[in-house]
Amino acid sequence: MDNTNIFELAKDLLQQVEEFATNNTAELEKFRIAYLGSNGKVKQLFEQFKSVPNERKKEFGQIANQVKQTAEAKIEQIKTQLETATDTPTDIPDLTAPALTQPLGSRHPVSLFLRRAIDVFRGMGFAVVADREIEDDWHNFTALNTPDDHPSRDMQDTFYIQTNPAVLLRTHTSPVQARHMEKNQPPIRIVAPGRVYRNETVSARSHCQFHQIEGLYVGENVSLADLKQTLLVFARQMFSKDVEICLRPSFFPFTEPSLEADVTCFICQAKGCPVCKYSGWVEILGAGMVDPNVLENCGIDSKKYTGFAFGMGIERTTMQLYGIKDIRLLFENDVRFLRQFSGGL
């Protein structure tokens, strides 16, 4: 290629760059590669520099640099215009189009049951109280009439904090009651819902974590009759207006006397089914009159005040109510399982 053609080529490239225009990002990228790429026209132009006579190298270099700089400026200009371009009428969304719907979640069956139970107790004048899940030994056991050598401690396999044996994961929500009684004088009427932990083998019927709701009523002249009426009202509002309750003697270290409460089966209406083991009765909770030692441990005069307490495990009753056969389903967060409960309780 003679010198005249080299200079003509350079001028032609400059004109092409100056005349280039587009409103398409893909075309702009093709232009960049064609002119400024590793094998682009600008590089090929500079490769001709060695064949230019010395007296014209300066002139050629100026034209070649102008081609390169113009191409770079043109690319940046068009790129900026594309990024800041205002919407055209075709870019404006159709505001009359229906919105995209998002799939709605559903409440967990345990949450459904717990929420309804709380509403029932609130209707009877109980306040809801919550507290820590990492407890000390005093509030979890000793304050509740369970000293170090008490055999009832063997009834609950406990998760202790390794670095401090006096600290543990609470085994029930009763410590909430103890802490509340320490800070408040009767009359006291509370329920304490929450998560509890026990060192148990996970199986279809048991888990190392579950939920409880416990209730406490302390005042003057509180009797076992008050407890029975409270449980009856709860059962009829929670399960069915026709259920009856049955109180059986039992043992808990923090109540005396202690009892367990059964209700007529709300699945088969006491006719007999697998849920009630064909007995017509379903156990729902443990209860009793608060032991005077517990009141004294929490700074309440046991000669002036009496009270009752009760507690129920949420998972077991939820499983009975919904016919769930494996407690592990309640903790696996399987969306397919949870969607079954979108209708509520």
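Estimated at 0.36 nm per residue, the fully extended path between Glu332 and Phe46 surpasses their Cα-Cα distance by 96.3 nm.
Dipole size of the stretch 196-345 about its Cα centre, with +1 on Lys/Arg Cβ and -1 on Asp/Glu Cβ: approximately 580 debye, rounded to the nearest 20.
Take the Cα radius of gyration of the stretch 289-336 and divide it by 2.2 N^0.38 Å, N being the number of residues; the result is 1.96.
Normalised by the number of residues in the chain, the mean separation of alpha-carbon contacts (under 8 Å, six or more apart) gives a relative contact order of 15 percent. For Lys41, the lysines whose Cα comes closer than 20 Å to its Cα, not counting residues fewer than 8 places off in the same chain, are Lys11, Lys30, Lys50, Lys57, Lys58, Lys68, Lys74.
Amide H contacts under 5 Å for Ser250: Ser258, Leu259, Glu260, restricted to partners 5 or more places along the chain or on a different chain, H placed in the peptide plane at 1.01 Å from N. The count of lysine pairs in the stretch 109-341 that are at least 8 places apart or cross chains, and whose C-alpha atoms lie under 26 Å apart, stands at 12.
If you plug the beta carbon distance of His150 and Cys268 into 1/(1 + (r/R0)^6) with R0 = 56 Å, you get a FRET efficiency near 0.90.
Pairs of C-alpha atoms in the stretch 109-341 farther apart than 29 Å represent 27 percent of all such pairs. Loop-only GluC sites (Glu not before Pro) in the stretch 208-317, please: DSSP not H, G, I, E or B, and at most 16 other Cβ atoms within 10 Å. Sites meeting the loop and neighbour criteria: Glu220, Glu244.
For the stretch 255-341, chymotrypsin sites (Phe, Trp or Tyr not before Pro) meeting the loop criterion (DSSP other than H, G, I, E, B) and having at most 15 other Cβ atoms within 10 Å: Tyr278.
Each Cα pair under 8 Å and six or more residues apart adds its separation to the average, and for the stretch 143-268 the resulting relative contact order is 19 percent.
All of the numbers you see were taken from the coordinates with simple rules; none came from a lab. Given the structure is predicted, the values throughout are model-derived calculations rather than measurements. Cβ atoms come from the backbone with ideal geometry, glycine included; neighbour counts cover every protein chain shown.
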